[in-house]
1. Please identify the pairs in which a residue from region 358-369 that is in contact (Cβ under 8 Å) with a residue 60 or more places away in the chain has its Cβ atom under 7 Å from the Cβ atom of a residue that is among the hydroxyl-bearing types (S, T, Y), counting only partners at least 6 apart or on another chain.
2. Give all pairs with beta carbons closer than 8 Å in which a residue from region 606-622 that is free of Cβ contacts under 8 Å to residues at least 40 places away in the same chain meets a residue that is aliphatic (A, V, I, L, M) and open to solvent by less than 10 Å² (accessible area, probe 1.4 Å); count only pairs at least 6 apart in sequence or on separate chains.
3. Of everything in region 464-479 that's in contact with a Phe, Trp or Tyr (Cβ under 8 Å, 6 or more places away or on another chain) and closer than 19 Å to Q420 by Cβ, which residue is modelled with the lowest pLDDT?
4. Could you tell me whether any residue of region 561-576 is on the phi > 0 side of the Ramachandran plot, open to solvent by less than 20 Å² (accessible area, probe 1.4 Å) and free of Cβ contacts under 8 Å to residues at least 60 places away in the same chain?
5. Looking at L757 and the list (1) open to solvent by 70 Å² or more (accessible area, probe 1.4 Å); (2) in contact with a Leu (Cβ under 8 Å, 6 or more places away or on another chain); (3) at pLDDT 95 or above, which single condition is not satisfied?
6. With the condition being modelled with pLDDT under 90, I'd like the strands (runs of 3 or more DSSP E) fully within region 803-845 carrying at least 3 qualifying residues.
7. Is there any pair linking a residue in region 777-794 that is surrounded by 10 or more Cβ atoms within 10 Å (Cβ to Cβ) to one that is at pLDDT 85 or above and in a loop (DSSP other than H, G, I, E, B), with Cβ under 7 Å and at least six apart or on different chains, and which?
8. Of the conditions (1) surrounded by 20 or more Cβ atoms within 10 Å (Cβ to Cβ); (2) at pLDDT 90 or above, I726 satisfies every one except a single condition; which number is it?
Amino acid sequence: MVRCRFPGCIERFKRQRDLTLHMNLRHFRGLADTSSQGPSLSSQSTAQQGTMEPTPDNFDIDPEDFDMCHPAPASPTHNGEDEPHASPSLPPSPHHSGAKIYHPHLFGQKLDEKGQPLVPDTPAPPIHPTQDPDNLWAPFDGEAEFRLADLLYRKVEMSQGNVDELMDIWSLFGSQCHPEDDDAASAPFHDYKDLFEDIDRIQAGDAPWKCFQTVVDESLGSSAPEWQKTSYQVWYRDPDVVISQILSNPLLIHNFDPCPYIHLDPHGKRRWSDFMSGNFAWQHASKIYDTSTDKAKLHGAMAVYVILGADKTTVSVATGHVEYHPLYISIGNITNRARRAHRNSVIPIGFLAIPKSDRKYDNDPSFRIFKKQLYHSSIAAILRSLRPAMTEPVLRQCPDGYFRRVIFELAAFIADYPEQVLLSGIVQGWCGRCTAPSDNLDAPADRRTRHLDNIWLEEHKDNGRTLWDNFGMDDGILPFTHHFPRADIHEMLSADILHQIIKGCFKDMLVEWILQYLVIEHGEKKANEIIDDIDRRLAVVPAFPGLRRFPHGRRFKQWTGDDSKALMKVFLPAVADYIPDDMMKCLSSFLDFCYLVRRSDIDEDMLQQINRSIQTFHHYRAIFLSTGVRTNFNLPRLHAMIHYPLLIIQFGAPNGLCASITESRHITAVKKPWRRSRRYNALSQMLLTNQRLDKLHALRFLLAHCGLLPPIDPPPDPFDAEHDDIGPVDSELAQAKVELAKTRDSTYPRQLQALALHIQEPTLVLLTQQFLHEQLHPGDDNGDIALPNITSKVNVYHSAVAKFYAPSDLSGVRGMMRERIRSTPSWYGHPRRDCVLVVINANREGFRGMSVARVRLFFSFRYHGVMYPCALVHWFNCYGHSRDPKTGMWVVRPGFRDPQRRQHPQLAVIHIDTLLRGVHLIPKYDSKAIPSEVKHYHSLDLFTAFYVNQYADYHANEIIF
């Protein structure tokens, strides 16, 4: 390879003549100013040169992206008399702390329905679901009809024949009850057709599906391949209409940002959370304003950032791999929590064509280019209605009821790596965000940009082989973003935690590499014995809310993303005794990176932690080279890790743009509608189902806004192993709260002494008296006051519910999550006593301010009219004063007054308010093989030491440190 010697340039070429052409065109001819297309080459980072190991100085971050200093803030207002000055390229950082600074020009000024500015404190125009003020339920006659239609079509998905039968039964019952009143005897709907017609007449959420069809070249001969002679249909909705419906959804009023902002914590440090807090939103708002020829018209407008997502999905492997390629749309102006909770804010707007061919064309360059050209031209055609409003603002109503002048901007695209290859027009194995060569992805590299693509295409317009070999570009592919102002597909590619990190790096790489190491180190026979023991270790992991169990280890064929997530939570302790320390540190640092980037709020300090975790991982991954498992790390998904710090700075927390959002949307938008179809020409039926569901959702949201209905609960995670024990909750915002179950268990004695005998714990009475004494007399340390006598009835419960703020996990739109903590003598035939985190010192941070306990009993009693909810717990003692050096996890042991014989457990009765939440413990297996007779419900009783699992969920990872 020949390297360019021009200062600051790092391009490499296989042939000398390619280098000569490059030097003449790029460096000696000079470059025109193309700021509207992207940054010039001189602005590209060159700090990566000189080392292969990432350091804080050579990550994919430019000084322009991460402003640590504090320049003078720009004025947030403009009086309209003078010409507005050019907006800064970066959010200004004020000298004071704890603030949000909003963009000075595109700040979303409130207007009336005619586009006129409003005086302060003017109430917003009302949002009504219909134009009929006499019947807000229209087209239904009233609440009963709407709720019945919603129940039958959306909730229970009743078949057409069953709807007809239900209406017949309804009419029959009505005629029996009211034989002389035909109106009272009639059913709400005559039949399923009548039901569907009413749903179709709903105006809210109406975005009809349309179709365009490709035109076949008539000059093609009879010998042309079938894929060239086929006319392809692409179904789509008008994205302008869909975005208008998202913007006018009143239930998003508290999850809506009209203006880009920079968020500072009380110490004056940057924070990134929602999309609007990232640099992309601010920089592009500035670019929109600065490149406008009519700045007065743009001043006070609102930039609407269009987020797209696409991913092929298979609905039936058994019947012939039926595939669909949906295209989704959302906007960056809504919060990540709302997007992840699917409040009708991620909507399918297209189903792209999937060309098929014979096997002989699988590697045919013409067929490859044809598929990519069809893909990009289809997306460009679907989005064409947005183009006028990318330069000229249009009036739209927003969730708060006010109108604003909006201007559209293509912002991000959620896609896995194969989709990114399609999108960015690169060669498989290259990176869509930087120019690192596929045979050395660790090499220092510039960022890819639209402007850079244009330079390469101009330099090598007659030499596609050079573009392919030297730059990883597929000649002849024009990304759809070239048809829209300011759009750059390389800049739009977002982080994909699910496919890049969880499925790609963890399950497909690290887990497999560890298993390969065992074979290399111990031989196949011994390695299989070790792998079997690892599987048994995974099988005996104690149950925990939301944690998928592995009763047979990893031995199942079809892996989903949630299987990989579940394995990530329990894998580290399972292999701790079988792999070298460096391999453990590599795995541990990778898990730390995964959980850090998954958080919903990331500050400067956390960003540095992410950088350090990447550095540590890159350092210790060398163990896979030295042991012969790998010869290189030229894997695009693995390489993508180094881009995450920049992507956080640009787009905010990655969990708001993760492919898991579109993956879960596949279920409601593709897979369920397909199952409801007749399977023949299913797409048209699926589109109609989607349209009707969107209308029912939209009308229900608007009726809920008017106070006529409660809002729709967020959908549960369909992959949760114990969905009754964990899930999102739309409760009011609170840090943490634990409450006993609503219903007591009636099989227990109601008197304290009898209860102690029933559960065979004679110290219960004394422990409860001591607890009550501490509650009544917290300052009596000498025992001068006699213990109180408890005579009230006792209520026993088999569970408690913890509610806590966990926006990084599956939570409601307010970020709240619920978790059930169980203490029951029989759970699927076996006792289950969960463990909890107890706050013992609120002034100490992390795990040092908490203790672990296992709940023996939940109960409550009254004393002098006051209810005391309690828990009888068995304390666990922390082993050591710091984390285990090999795994990076805290270790605890159950406390006994006679630890040698494990007798007389250290028990206490504590108030339910001291509980923070449940905690997951994993046995510390040591080097002993696990007998096959041991089951997961034995683990907490059999093992003597346990790891405190900080990877059980993202909230646990945030608080256990």
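The values are calculated or read from the model by the stated rules, or taken from the named source; none is laboratory data. All values derive from a computational prediction rather than experimental measurement. Backbone-built Cβ (ideal geometry, glycine too); neighbour counts: all protein chains shown. Surface areas here come from the heavy atoms of the whole protein model, side chains and all, with no ligands, DNA or RNA. Shrake-Rupley method; radii C 1.70, N 1.55, O 1.52, S 1.80 Å.
1. Close Cβ pairs satisfying both conditions: F367/S357; F367/Y361.
2. Qualifying pairs under 8 Å: I610/V597; I610/I602; I610/I648; F617/M641; Y620/M583.
3. My answer is D475.
4. No: zero hits.
5. (2)
6. So the answer is 816-827.
7. That search, which allows pairs on different chains as well, returns I785/H777; K793/R750; V794/R750; V794/Q751.
8. So the condition that I726 fails would be (2).
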